[in-house]
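Asker: Before I ask anything, let me first share the structure, which is written out below as structure tokens.
The values are calculated or read from the model by the stated rules, or taken from the named source; none is laboratory data. Every value quoted in this text rests on a predicted model; they were computed, and no experiment measured them. Here the Cβ positions follow ideal geometry from the backbone for every residue, glycine too, while neighbour counts run over all protein chains shown. Only protein heavy atoms, including side chains, enter the accessible area calculation; ligands, DNA and RNA are left aside. Shrake-Rupley method; radii C 1.70, N 1.55, O 1.52, S 1.80 Å.
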Amino acid sequence: MTMTHETTGVLGTRMLRKEDPALLTGEARFTADLAIPGALHLAVIRSPYARARIVSVDTSAARAHAGVRAAYSGADLADLWAGPMPCAWPVTADMKNPAHLPLAVSQANYVGDGVACVIAETAEAARDAAELVDVVYEPLEAVIDLEDAVSDRVVIHDEIGTNKSYTWDLKVEEQEGDVDAAFAAATYTVKERYIQQRLIPAAMEPRAIVAVPQPFGGDMTLYSATQIPHILKVMVALTLGIPEHQMRVIAPSVGGGFGSKLNVYAEELLCVALARKHNLPVRWTETRSEGCQATIHGRGQIQDIELAADANGRLTAVRVRLIGDMGAYLQLVTPGVPLLGAFLYAGVYELPKAYDFSCTSVFTNMTPTDAYRGAGRPEATYAIERAMDSLAATIGIDPLELRRRNFIPTDKYPYEAFTGLVYDSGNHDGAATLAAELVGYDAIRAQQKTQNVDGAKRRLGIGVSTYFEMCGLAPSRVLASLNYGAGGWEAATVRVLPTNKIQVVTGASPHGQGHETAWSMIVADKLGVAPEDVDVLHSDTAISPLGLDTYGSRSLAVGGVAIAMACDKVIDKAREIAAHQLEANPDDLEFAGGAFTVAGSPDRSMPLAAIAFEAFTAHNLPDGLEPNLEAHTTYDPPNFSWPFGTHMCVVEVDVETGEIEVLKYVAVDDCGNQVNPLIVDGQVHGGIIQGLAQALFEEAVFDSDGNLRTSTLADYLVPAASDVPSIVTGHTVTPSPTNQLGVKGVGEAGTIASTPAVINAVVDALSGLGVRNMPMPASPNTVWSVINAAQGGSQ
């Protein structure tokens, strides 16, 4: 069969987002906006201690408070749970996973751990009554330091007998001993320790939940500000023993997630359980302090990385040892986060089979950690890109030159890496060359020679960061090999209505990515219709029953491709109808501009609109062909998608005050073919700001007793608009060969590349003063202290 496809020209245009008018005019409805008559309000009583036995819980005064319907301790509700809260990624067969209930029963293990709850007729009454719950605690010594946790000096969870959850190794050698031999033979070696501080996701919309039971029959609708309505439905059903077909989960408009809403939280389970128990709706919206304490944190690692190189600076071996901070419990994918970066500590560089990675993850008496924008990939990129700068300084060559010597050559793609993974495409030198041109790399280096002289108050630095990202979180068989508890597929349905309007049902669940716009553009291009005539339905498990949701930069590379494939099926069915109506051979039909034409007879044609109506009436269809024009696809990719790029950052550092000014930031990213460059730039800009925030602003700070010292946005510093530098974006385009759209993910790229670019720039600026490393965040006080220490404490 001959198929021709003529693009409508919509793909690759900077079309304004269809989602934005509702957001800008206030029409969009977030979970907290929903009017639910008769709903009770939940308040959670949280432990003020990082580790303490719960001696007693007295709820009598709270129950007597005006407007209160009920108050419960963890013990009161223990029988409601069919099992503990879910962890979907048991990374090793012997992984330790202490039972985690929505409310602690006998011991609280972090400040913010829920121990009791109140439901009342108003949110104010619930909060007031929560103050009346009397909990008697026996404080215990908390474990905050990761190396202390590894030692098991104090064991947090008595039932598992250790703080170590698991050790996961990835050692790749041609012959046993190759890694040690490479280090022994190396001309140059570096050994560095980096700390990935904890970060608080701080999405613009706080978490919010409403559980609404049906009056009869046991059905339950859960509205949640979640990234994962489909996964949440399954996990709530399992944890509460509810038949899955009786659970419906809806994610209304969601104001950002960044991984923090990629979870199953205690409050979701509490709302559903209490709604069932009282047969009334129950709702909860977190305060910002609760968001800091009880929503997952990101990052949290100690990284020890060693590089070996030959006389030309070519890498010969990499050795990595991680300690991962799991926090007090394992959340949905907590243990898998370090594994997402485990394959990437050699970056975009060609390396022989001499790679030794090991991660030991431990429990601490702090808020649980889990996936945060990039999830393991930013940590890996930070380590290798900082270490490459250290290696360049050791050798005495320019950091960009060192990278060029080690890039995987473009002509070797597809490239089977030492890990066995196949990188589908790459042009690292091209991305680096464009970034250097855009930033004015040679001019910056020349300016440094005159500016960074002895006694200079402001010193100039430029930082380079290159990256690879394995995203899409698929294929399913690879995930199975990593013990991941779900697949990597995505589902899509494309339906042509009788009036030639298009209905798209997607299993991806957006929270700011612009799916409605991008999916409309894909369908418009495929079917020859206007994007305005495409309606995208999502985020409701009753309307879109199949899906694996949105995270890991998977939406376009998996969900978008599924939509394109469903469109192809629609075209195939429409072809049969058109051939029947035109009395032509299907092989002789060409489809372009939304119409089928008989090859060589342009006057014999049939538009998709007419075909759709014929399919609807079913008056004259080919024998055996079902009425209506729609198609469904479930797509499981054959490989991860592999976006890459080079970012460069220019800074000035005031050596007297430690103040850092970011003068310019250049990002060159390659995400394959771009459906909508406007959305791509927005994703890159947002990611860069979050990565810059880790480098310069953000840190979740705990004291030695486990108290979170940054529990409000008055204490936890996020960048303001005035802190955002000028960002120049550029792109190379290397289409992915593994999917028909040639697309790759881009949602996390900016976060992955930006943090090391910024810190490399700061260290570069101060290298003439003897500075070789800079802890994050590089606050003025930290920078001044590092300079002072490097100068022998003379300032």
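Asker: Kindly establish whether Gly560 is outside any helix (DSSP H, G or I), under 26 Å from the mean Cα position of the chain (by Cα) and in contact (Cβ under 8 Å) with a residue 24 or more places away in the chain.
Answerer: no
Asker: Looking at this structure, is Gly426 part of a strand (DSSP E or B), buried (at least 18 other Cβ atoms within 10 Å of the Cβ) and either touching a residue at least 24 places away in the same chain (Cβ under 8 Å) or touching a Cys at 6+ places or on another chain (Cβ under 9 Å) (or both)?
Answerer: Spelling it out, it is not the case that Gly426 is part of a strand (DSSP E or B), buried (at least 18 other Cβ atoms within 10 Å of the Cβ) and either touching a residue at least 24 places away in the same chain (Cβ under 8 Å) or touching a Cys at 6+ places or on another chain (Cβ under 9 Å) (or both).
Asker: On the basis of being part of a loop (DSSP other than H, G, I, E, B), closer than 30 Å to Lys96 by Cβ, hydrophobic (A, V, I, L, M, F, W, C) and open to solvent by 10 Å² or more (accessible area, probe 1.4 Å), does Phe258 make the cut?
Answerer: Criteria met by Phe258.
Asker: Out of Thr92, Thr59, report the one residue that is surrounded by fewer than 20 Cβ atoms within 10 Å (Cβ to Cβ), among the hydroxyl-bearing types (Ser, Thr, Tyr) and either in contact with a Ser or Thr (Cβ under 8 Å, 6 or more places away or on another chain) or at pLDDT below 95 (or both).
Answerer: On inspection, the qualifying residue turns out to be Thr92.
Asker: Residues that are buried (at least 23 other Cβ atoms within 10 Å of the Cβ) and within 25 Å of Gly336 (Cα to Cα): does the range 514-535 have at least one?
Answerer: no
Asker: If you don't mind, another one. Those residues that are open to solvent by 10 Å² or more (accessible area, probe 1.4 Å) and under 30 Å from Tyr716 (Cα atoms), I need them from the range 269-283; list them, please.
Answerer: Arg283, the sole residue that qualifies.
Asker: So if I check each of Leu497, Leu546, which one is closer than 25 Å to Met247 by Cα, open to solvent by 10 Å² or more (accessible area, probe 1.4 Å) and in contact with a strand residue (DSSP E or B) (Cβ under 7 Å, 6 or more places away or on another chain)?
Answerer: None of the others qualify; the one that does is Leu546.
Asker: Filtering the range 175-204 down to residues that are open to solvent by less than 20 Å² (accessible area, probe 1.4 Å) and under 22 Å from Gly687 (Cβ atoms), which residue is nearest to the chain's Cα centre (by Cα)?
Answerer: Pro201
Asker: Let me ask something additional. For Arg554, which of the numbered conditions (1) over 20 Å from Trp489 (Cβ atoms); (2) open to solvent by less than 10 Å² (accessible area, probe 1.4 Å) fails to hold?
Answerer: It fails just one condition, (1).
Asker: Inspect all residues belonging to the range 244-255 and state whether any of them is assigned to a helix (DSSP H, G or I), open to solvent by 10 Å² or more (accessible area, probe 1.4 Å) and either among the small types (Gly, Ala, Ser) or over 17 Å from Leu546 (Cβ atoms) (or both). Spell out the reasoning first.
Answerer: Restricting attention to the range 244-255, the residues satisfying the condition of being assigned to a helix (DSSP H, G or I) are 244-246.
If we keep only those that are open to solvent by 10 Å² or more (accessible area, probe 1.4 Å) too, we end up with 244-246.
Cutting the leftovers down to either among the small types (Gly, Ala, Ser) or over 17 Å from Leu546 (Cβ atoms) (or both) gives us 246.
Yes, because at least one residue in the range 244-255 is assigned to a helix (DSSP H, G or I), open to solvent by 10 Å² or more (accessible area, probe 1.4 Å) and either among the small types (Gly, Ala, Ser) or over 17 Å from Leu546 (Cβ atoms) (or both).
Asker: Follow-up. Of the conditions (1) of a type in the set (S, T, N, Q); (2) free of Cβ contacts under 8 Å to residues at least 24 places away in the same chain; (3) part of a loop (DSSP other than H, G, I, E, B), Ser722 clears all except one; give me its number.
Answerer: Against the list (1) of a type in the set (S, T, N, Q); (2) free of Cβ contacts under 8 Å to residues at least 24 places away in the same chain; (3) part of a loop (DSSP other than H, G, I, E, B), Ser722 comes up short only on (3).
Asker: Also, quick follow-up: Looking only at the range 750-795, count how many residues are in a helix (DSSP H, G or I) and either closer than 15 Å to Ile660 by Cα or open to solvent by less than 10 Å² (accessible area, probe 1.4 Å) (or both). Quick ask: steps written out before the conclusion?
Answerer: So the first thing to find is which residues in the range 750-795 are in a helix (DSSP H, G or I), and the list is 750-769, 780-790.
Narrowing further to those that are either closer than 15 Å to Ile660 by Cα or open to solvent by less than 10 Å² (accessible area, probe 1.4 Å) (or both): 750-767, 780-787.
Total satisfying the criteria: 26.
Asker: Could you please find all residues in the range 283-323 being in contact with a Pro (Cβ under 9 Å, 6 or more places away or on another chain) and either among the aromatic types (Phe, Trp, Tyr) or in a strand (DSSP E or B) (or both)?
Answerer: Across the range 283-323, the qualifying residues are Thr285, His297, Gly298, Arg299, Gln301, Leu315, Thr316, Ala317, Leu322.
Asker: Separate question: Working only within the range 215-240, note down all residues that are at pLDDT 95 or above and either farther than 13 Å from Ala251 by Cα or open to solvent by 40 Å² or more (accessible area, probe 1.4 Å) (or both). Quick ask: steps written out before the conclusion?
Answerer: Of the range 215-240, the ones at pLDDT 95 or above are 219-240.
Passing the criteria: Asp219, Met220, Tyr223, Val234, Met235, Val236, Ala237, Leu238, Thr239, Leu240.
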